[in-house]
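Peer 1: The structure follows.
The numbers here are math on the coordinates, done by the rules we state, and not lab data. What you are looking at is a predicted structure, and each value in this text was computed from that prediction instead of being measured. Cβ placement follows ideal geometry from the backbone for every residue including glycine, while neighbour counts extend to all protein chains displayed.
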Number of protein chains: 2
Amino acid sequence: MSERPSRVVIENVMPEVDAGRFPIKRCPGEDVVVRACIHADSADILAACVLFKKAGEKKWQESPMRVTNAGLDLWEGRFKADGLDAMEYLVQGWVDSFATWRRGLEKKAAAGQDVGSDLLEGAQLVQAAAARVKGKPAEWLRQQAAWLSAVKSNSGDRVRMALDPELLTLMSANADRDPIGTYRTLTITMEPTRARFGAWYELFPRSASPDPKRPGRLSDVEARLPALAALGFDILYLPPIHPIGKTHRKGPNNAENAGPQDVGSPWAIGSSEGGHTAIDPSLGTLQDFDRLIIASKTHGIQVALDLALQCSPDHPYVREHPEWFRHRPDGSIKYAENPPKKYEDIYPFDFEGSAWESLWKEIRSVVLFWVQHGVKVFRVDNPHTKPYRFWEWLIQEIKRESPDVIFLAEAFTRPPVMRYLAKCGFSQSYTYFTWRNTKAELTEYLTELTQTDVHEYMRPNFFTNTPDILSPYLQTGGRAAFMIRLILAATLSATYGICGPTFELCEADALPGTEDYRDSEKYQVRYWDWEKPGNIKDLIARVNRIRRENTAFQFNTPLQFVPISSESLLAFVKTSPDGANRVLVIINLDPHAAHEGNVTIAPAALGLPDAYEVEDLLSGARYTWHGTLNYVKLAPQPMPAHIFKISHA
Amino acid sequence: MSERPSRVVIENVMPEVDAGRFPIKRCPGEDVVVRACIHADSADILAACVLFKKAGEKKWQESPMRVTNAGLDLWEGRFKADGLDAMEYLVQGWVDSFATWRRGLEKKAAAGQDVGSDLLEGAQLVQAAAARVKGKPAEWLRQQAAWLSAVKSNSGDRVRMALDPELLTLMSANADRDPIGTYRTLTITMEPTRARFGAWYELFPRSASPDPKRPGRLSDVEARLPALAALGFDILYLPPIHPIGKTHRKGPNNAENAGPQDVGSPWAIGSSEGGHTAIDPSLGTLQDFDRLIIASKTHGIQVALDLALQCSPDHPYVREHPEWFRHRPDGSIKYAENPPKKYEDIYPFDFEGSAWESLWKEIRSVVLFWVQHGVKVFRVDNPHTKPYRFWEWLIQEIKRESPDVIFLAEAFTRPPVMRYLAKCGFSQSYTYFTWRNTKAELTEYLTELTQTDVHEYMRPNFFTNTPDILSPYLQTGGRAAFMIRLILAATLSATYGICGPTFELCEADALPGTEDYRDSEKYQVRYWDWEKPGNIKDLIARVNRIRRENTAFQFNTPLQFVPISSESLLAFVKTSPDGANRVLVIINLDPHAAHEGNVTIAPAALGLPDAYEVEDLLSGARYTWHGTLNYVKLAPQPMPAHIFKISHA
């Protein structure tokens, strides 16, 4: 109780993750809208601001906060996040004595009361402010104070002078904020825009060969870059490209035993030819890889590598660093298992063993190795089987060296675990999207992702499929199912991906009763007819172009589901942050039948006149819509969706 | 990164107020149910507990937590709060290595796999546990370890031994918890049971005279104690009993100027006869007051005083401590105002002036003065016009001296302010109840008070009326309105109050267009016919007896609104914490007409058979109810409600 405490309380600051334990995430140029409940005893007028700065700097910038709901003491302010360095923000509030005094004076004067003493009080406040500023404003304030206290002058003139808005502005700008109410400092992780917006394409290099007589190599991947660029993809994600273990190697379709010609799963990393920093010689050399990176840049594509932190029994680490693995009582190293299942081709690391520190540092050096080779995007395999604290540490360490690195968490597990990995620093997260098919499922899931505070720290990456997930919907829905899922992923989420070429070729052949591809690329080399009839490459290219040309698709919020009178039709509106770009997507979720319905949009609610224009960016057709109800009908073919751009008629 | 971090994460701990900034509140014997989201990487089995202790003690007690929703990683534990000292609680979680190992062994053995190595691993775990315990259990564990590692024994026998539930119990109780996941320590303010449950009666001593020829005195209040006890009240709250100022004294009905015989408002505290520690001589002496306290105890009643922190211009403080007030530029002391309204009979304290520290300490001494005279309950006048930090400090200081003191906040202002005062330490709070009349209003308000985390720190006190609030509902609803509002207050809230005798006499005479009583006791002496026909004293006595006999009414939660097919009927179920007492209240909210409807209660949802008995504790009637729908009809008179006790038929 030695200092006079502030009367102002600041509560319920948003955004804030776990009482400030974790940062929120932003990309350069994005707004941070800060809301808080700010109040004090009595009825004094308060003022508040949000302060912000780069984490390392001393000087705060300041943005004023305004009351948005007086009855609930809700305030709002905003600032733009910028750069790639971490930022900090802070809410402060104080009693505005001059504004409070001015309000009282105004009421008393209006009631015809004697305000002689009040004017003298005001003069004292103005005089005190003059002492806090310099130069001309100080001089002007001192003059005002003198006039306010000129008891022989006309009282009405002095009241008018006291109520001069210019005086209020100058006084508010130079208020005595002491003692000030302060909330805890909150932090922002800044990441490159690609962390928010991008189209991913997953490709197995060994299946990239144009020649069915030999497996693909990195040079074949390089040759495919123009085609990928034409399709509009931003990120080319390669499954592990390291030497593959031979011990307990898996055969085609995950067979227990591989034949001598079988190539094995690239996730069984490491052989006598090297480990996590080596390249499988059958794919090429490190020089080939460097060339791929350079070529990809010329096509505006970033290469993403797979970070799979596990070893085959043949990995050099096993021999050189047995202390990084778990051991059986007989001293042998433990393979991975999920009893009674055994994964004898995989040795997991022991992240909490006695040698944990040297292991963690080694992994950091592996990531930095690839960063130095120009890799800025990592798709992390099964992060939920490694300790959270490891990821929090690793991502911070890498970002300190290279703040433009992006990490995608491939965790398919319980919601709290997926959310916590995002809190720990992953830039993006795999999601349950592949299993959300109905209108109710999609609406509920997207509401959770975009309307709750989850969107402050977790960025979804909607993959339509993965080497492990060929969903029942795709297995049974034919070509239309692929079109529908593509459009859903690409329009609902600013970041999405496909596992190609299976996806654009509408490959739907699964092992019976599973979500596994038959003859999966995971375990064998595949050769593709890249131009196979029935492919949906034109649609992919068009959708990716629409995403690039319409800012609304480059953000996950605001997303607004719109009523439409059919359980098989989903409709939603997205709007760019500046309000200039607005789109309406309507999708038929049923790949087997046409559906029709009326969309309900009150034009006034979107700031539109009663008649307005919608242009279907897929077909090029334009319609004038009238009033609140408008009719649509969508057949699964030739096009199961409208992507309307909305404009004034 | 020097210590091996725990893999276990603890999030979303409930109850928790503002990230632990404020304590939750409990009374002795109440449960603290602690919920948390607890998870780790991988699929290891976790264990968790909630620790609790008195704030001053070193040794924690421990209560296990259990999973309540595995898919969302939700855990729950509980302990009983006890005593009047502040308590602390803490959630901890760890990986249960033995249970994890045991689950794997069980699955492998069931699949017929070789478990030789696994049994040796288990032996190591058991051996390590033996080193952590003493005496017989250590011996037993060492024996088990020896058997598990006896490689020449039958493997099936060893597996059976490994899966022995007794071994699991002992291993879990002695698990290696290091490194442990720990949430922040949270605190509990402990308060006497009367902070939770009680019936308040407000009485102006000067209106307590049985003799219309002289004003009431403290001795008259003492004489009324048996009657109040017969009505079943627990707390007798007296408006300020201190000398009343003469300067700018208010006349009847808040008239600007008082006549020479006018007694003034007791809230204009202080005259030449004394201030906040003096007793108005026209009411009696300090000795009379002490006698009243003693007498009230014999009737099981506690006396509550009014803490109104303001002074009349005649208060001794004004002369002795001008530094505790605000001053005009001419040096005179500022009266209270809410421009353009002036309150010239009141000088507010300056809680943030340069002498704030000596003022705060003086107020503490005033409260302690009355505590030493046996007052343990304070109704605080307008706490929202004094700084929050002052209250937080004062209440802590008083509770340190006397932990059984209760503070009721009389703040009628915006919700965040009312909630924040409760967070700062007020035991109870006035509410918006007087203005919540319809089914929708009552349901919404009670849902906020009982179903959100507000109920962890804010205890409502439902006053039916106050000297300042004669609600339009009471003004226009006749006797039935008083009955309805009494039953609502007394059954919806464990703590409620009436301002008597106006309430039990159904006084409804207001100044036109206001909520003010005509000839309010605030400004003049009133003489009452305590037995006036039409009073509702019998109902009050019966309702208070029902509250004492039915534990369900002594808690605010759980409260469950029940569907009933009429907008004028409100129905709800309350259940005692031990589940033994269950009541169903049905009230006709319309004082002017009878209403009927069907109540929907699924008997099975309450653990009842299809036919069960309800006993109306108001009328004594018993009914057997069948199935889900049951019919009721309630006229405003003679009784607008059923208070059913539910029991098996």
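Peer 1: Where in region B:242-282 does the label zone of B:His327 land, with the point 7 angstrom along Cα→C-beta and an amide N cut-off under 15 Å?
Peer 2: Counting only backbone N, you get no residues.
Peer 1: Where the Cα atoms of region B:295-424 are projected onto their three principal axes, how long is each span, largest first, in whole Å?
Peer 2: Projected onto its principal axes, the Cα set of region B:295-424 covers 53, 35, 25 Å.
Peer 1: Would you mind counting up the charge near A:Ser576? Only other residues with Cβ under 14 Å from its Cβ, with Lys and Arg at +1 and Asp and Glu at -1.
Peer 2: Neighbourhood net charge equals +2.
Peer 1: Quick one: which of A:254-260, A:450-456 comes out on top by average Cβ neighbours within 10 Å, and what's the full order, highest first?
Peer 2: The most tightly packed comes first, giving A:450-456, A:254-260.
Peer 1: Additional query: Mind listing the long-range amide H neighbours of B:Asp280? Cut-off is under 5 Å, sequence gap 5 or more, other chains count too, H placed in the peptide plane at 1.01 Å from N.
Peer 2: For B:Asp280, whose amide H was placed from the backbone, the distant partners under 5 Å are B:His242.
Peer 1: List, shortest first and in nm to one decimal, how far the label point of A:Arg21 (7 Å from Cα along Cα→Cβ) is from its counterparts in the other copies.
Peer 2: For A:Arg21, the inter-copy label distances come out at 1.8 nm.
Peer 1: Any idea what log10 I(q)/I(0) is at q = 0.16, 0.24 Å⁻¹ for region A:543-598, Debye with uniform C-alpha scatterers and no solvent?
Peer 2: Once normalised to I(0) and log-transformed, intensities are -0.55, -0.92.
Peer 1: Separate question: Sorted by average packing, counted as other Cβ atoms within 10 angstrom per residue and highest first, what order do B:132-141, A:390-399, A:606-615 take?
Peer 2: Numbers: B:132-141: 13.2, A:390-399: 19.2, A:606-615: 15.4.
In decreasing order of mean packing, B:132-141, A:390-399, A:606-615 become A:390-399, A:606-615, B:132-141.
Peer 1: Using each residue's phi in region B:229-237, evaluate 6.51 cos²θ - 1.76 cosθ + 1.60 at θ = phi - 60° and report the 3J(HN,Hα) Karplus result to the nearest Hz, with x for Gly and Pro.
Peer 2: Coupling constants for region B:229-237: 5, 5, 6, x, 7, 9, 10, 9, 9 Hz.
Peer 1: Just the Cα atoms of the protein assembly as shown, one point each, no solvent: what log10 I(q)/I(0) does Debye give at q = 0.05, 0.07 Å⁻¹?
Peer 2: Values, matching the q order: -0.50, -0.94.
Peer 1: Return the average number of partner chain Cβ atoms within 10 angstrom of each residue Cβ along peptide B:326-338. Before the final figure, lay out each step's value.
Peer 2: On the way: counts 1, 1, 5, 10, 3, 0, 1, 0, 2, 0, 0, 4, 4.
Averaged over the peptide's residues, the number is 2.
Peer 1: What FRET efficiency would be calculated for the residue pair A:Arg214, A:Glu444, taking the C-beta separation as r and a Förster radius of 45 Å, to the nearest 0.05?
Peer 2: It comes out at approximately 0.40.
Peer 1: Additional query: So how far, in whole Å, is the C-alpha centre of region A:571-635 from the one of region B:364-411?
Peer 2: Answer, in whole Å: 61.
Peer 1: Give the relative contact order (percent, whole number) for chain B; include only Cα pairs under 8 Å separated by 6+ residues.
Peer 2: Relative contact order here is 10 percent.
Peer 1: What's the FRET efficiency of A:Glu567 with A:Arg132 using the Cβ-Cβ distance as r and R₀ = 56 Å, to the nearest 0.05?
Peer 2: After rounding, the FRET efficiency stands at 0.30.
Peer 1: Just counting partner chain Cβ atoms within 10 Å, what average do the residues of peptide A:350-360 show around their Cβ?
Peer 2: 2
Peer 1: Okay, next question. Just the number, please: Stokes-Einstein D of region B:1-141 in µm²/s, Kirkwood Rh from C-alpha pairs, 10 °C, 1.306 mPa s. Intermediate values should be presented prior to the final figure.
Peer 2: On the way: Rh = 17.8 Å.
So the translational diffusion coefficient is about 89 µm²/s.
Peer 1: In whole percent, what relative contact order does region B:232-278 give with Cα contacts below 8 Å and a gap of six or more residues?
Peer 2: Numbers: 65 pairs, mean separation 19.6, N = 47.
Worked out over region B:232-278, it gives 42 percent.
Peer 1: Where Rh is the Kirkwood radius over the Cα pairs of region B:460-542, the temperature 4 °C and the viscosity 1.567 mPa s, what D in µm²/s does Stokes-Einstein return? Before the final figure, lay out the partial values.
Peer 2: Details: Rh = 13.0 Å.
For the chosen part, D equals 100 µm²/s.
Peer 1: With a sphere of radius 11 Å drawn around the Cβ of B:Leu617, what net charge do the other residues whose Cβ falls strictly inside it have (Lys, Arg +1; Asp, Glu -1)? If you can, show how the numbers build up before the last one.
Peer 2: Details: positive: B:Arg542, B:Arg545, B:Arg547, B:Arg622, B:Lys645; negative: B:Glu549, B:Glu615, B:Asp616.
Net charge in that neighbourhood comes out at +2.
Peer 1: Identify the residue of chain B whose Cβ lies closest to the rotation axis that maps chain B onto chain A, and give that distance in whole Å.
Peer 2: Here the value is B:Ala19, 2.
Peer 1: Still on this structure, I have one more. Counting pairwise Cα distances across region B:63-157, what percent come out greater than 22 angstrom?
Peer 2: 51 percent
Peer 1: Continuing with this model, one more query. Do the alpha carbons of any pairs in A:Lys361/A:Lys386; A:Lys25/A:Lys54; A:Lys376/A:Lys423; A:Lys25/A:Lys399; A:Lys376/A:Lys532 sit beyond 23 Å of each other, and which pairs? Please report the intermediate quantities before stating the final value.
Peer 2: On the way: A:Lys361/A:Lys386 15 Å; A:Lys25/A:Lys54 14 Å; A:Lys376/A:Lys423 20 Å; A:Lys25/A:Lys399 13 Å; A:Lys376/A:Lys532 33 Å.
From the list (A:Lys361/A:Lys386; A:Lys25/A:Lys54; A:Lys376/A:Lys423; A:Lys25/A:Lys399; A:Lys376/A:Lys532), the Cα-Cα distance tops 23 Å for A:Lys376/A:Lys532.
Peer 1: Based on Cα positions only, what radius of gyration and what Dmax would you give for region B:208-326, in angstroms?
Peer 2: 15.7, 48
Peer 1: If you don't mind, another one. Calculated from DSSP H runs of 4 or more alone, at -39500 (n - 2.57) each and per residue, what is the 222 nm mean residue ellipticity of the protein assembly as shown, nearest 500?
Peer 2: Values: 28 runs with 358 residues, N = 1298.
Calculated mean residue ellipticity at 222 nm is -8500 deg cm²/dmol.
Peer 1: Find how much the distance from A:Thr452 to A:Ala146 grows on full extension, using 0.36 nm per residue of separation minus their present alpha carbon separation; answer in nm with one decimal.
Peer 2: Numbers: separation 306, 0.36 × 306 = 110.16 nm, distance 5.38 nm.
The span from A:Thr452 to A:Ala146 would gain 104.8 nm if fully extended.
Peer 1: For region B:93-244, compute the number of Lys pairs whose alpha carbons are separated by less than 29 Å, excluding pairs fewer than 8 positions apart on the same chain. The partial results should precede the final answer.
Peer 2: Details: B:Lys107/B:Lys152; B:Lys108/B:Lys152; B:Lys134/B:Lys152; B:Lys136/B:Lys152.
Within region B:93-244, the lysine pair count is 4.
Peer 1: Further question: Give the aspartates and glutamates whose C-alpha is closer than 15 Å to that of B:Lys334, dropping any in the same chain fewer than 8 places away, or say none.
Peer 2: Once the sequence-local aspartates and glutamates are set aside, what remains near B:Lys334 is A:Asp114, A:Asp118, A:Glu121, B:Asp314, B:Glu323, B:Glu344, B:Asp345, B:Asp350, B:Glu352.
Peer 1: Another question about this same structure. Kindly give the distances from A:Ala229 to its copy-mates, label point to label point, with each label point 7 Å from Cα along Cα→Cβ, as nm values to one decimal ordered shortest first.
Peer 2: Result, one decimal in nm: 9.6.
Peer 1: Report, for B:Lys134, each distance to the same residue's label point in the other copies, shortest first and in nm; define the point 7 Å along Cα→Cβ.
Peer 2: 7.1
Peer 1: So what J values fall out for region B:602-618 if you push phi through Karplus, 6.51 cos²θ - 1.76 cosθ + 1.60 with θ = phi - 60°, rounded to Hz, Gly and Pro as x?
Peer 2: Using θ = phi - 60°, the values come out as 7, x, 4, 5, 9, x, 9, x, 4, 10, 8, 9, 10, 10, 6, 6, 7 Hz.
Peer 1: Percent of Cα-Cα pairs more than 17 Å apart in region A:552-649, please. Don't jump to the answer; show the numbers that get you there.
Peer 2: Numbers: 2320 of 4753 pairs.
Tail of the P(r) past 17 Å holds 49 percent of the pairs.
Peer 1: Could you pull out every one of the lysines with an alpha carbon less than 21 Å from that of B:Lys645, ignoring same-chain neighbours closer than 8 positions?
Peer 2: B:Lys574, B:Lys633
Peer 1: Take every Cα pair under 8 Å in region B:575-649 that's 6+ residues apart, average their separations, divide by the length, and report that relative contact order as a whole percent. Spell out each step's value before the answer.
Peer 2: Values: 135 pairs, mean separation 32.9, N = 75.
Here the relative contact order equals 44 percent.
Peer 1: On a straight-distance basis, which aspartates and glutamates could pair with B:Lys537 in a cross-link, Cα separation under 12 angstrom, same-chain partners fewer than 8 positions away excluded?
Peer 2: Counting by Cα, and skipping residues close in sequence, B:Lys537 has these aspartates and glutamates nearby: B:Glu504.
Peer 1: Report the net charge of residues surrounding B:Ser219, where surrounding means a beta-carbon distance below 14 angstrom and charges are Lys +1, Arg +1, Asp -1, Glu -1.
Peer 2: Summing Lys and Arg as +1 and Asp and Glu as -1 gives -1.
Peer 1: What area, in nm² and to one decimal, does the C-alpha convex hull of chain A cast on average over all directions?
Peer 2: Across all orientations, chain A yields a mean hull projection of 37.5 nm².
Peer 1: Let me ask something additional. What ³J(HN,Hα) values, in whole Hz, does the Karplus curve 6.51 cos²θ - 1.76 cosθ + 1.60 give for region B:310-321 when θ = phi - 60°, with x put for Gly and Pro?
Peer 2: Coupling constants for region B:310-321: 7, 10, 6, x, 9, 5, x, 4, 4, 7, 7, 9 Hz.
Peer 1: Averaged across the residues of B:378-391, what count of C-beta atoms belonging to other chains lies within 10 Å of each residue's C-beta?
Peer 2: Numbers: counts 0, 0, 0, 0, 2, 1, 5, 3, 3, 9, 8, 8, 4, 1.
Counting other chains' Cβ atoms within 10 Å and averaging over B:378-391 gives 3.
Peer 1: Would you please give the FRET efficiency between A:Thr169 and B:Ser402, computed as 1/(1 + (r/R0)^6) with r the Cβ-Cβ distance and R0 = 45 Å, to the nearest 0.05?
Peer 2: Taking R0 as 45 Å, the efficiency between A:Thr169 and B:Ser402 is 0.30.
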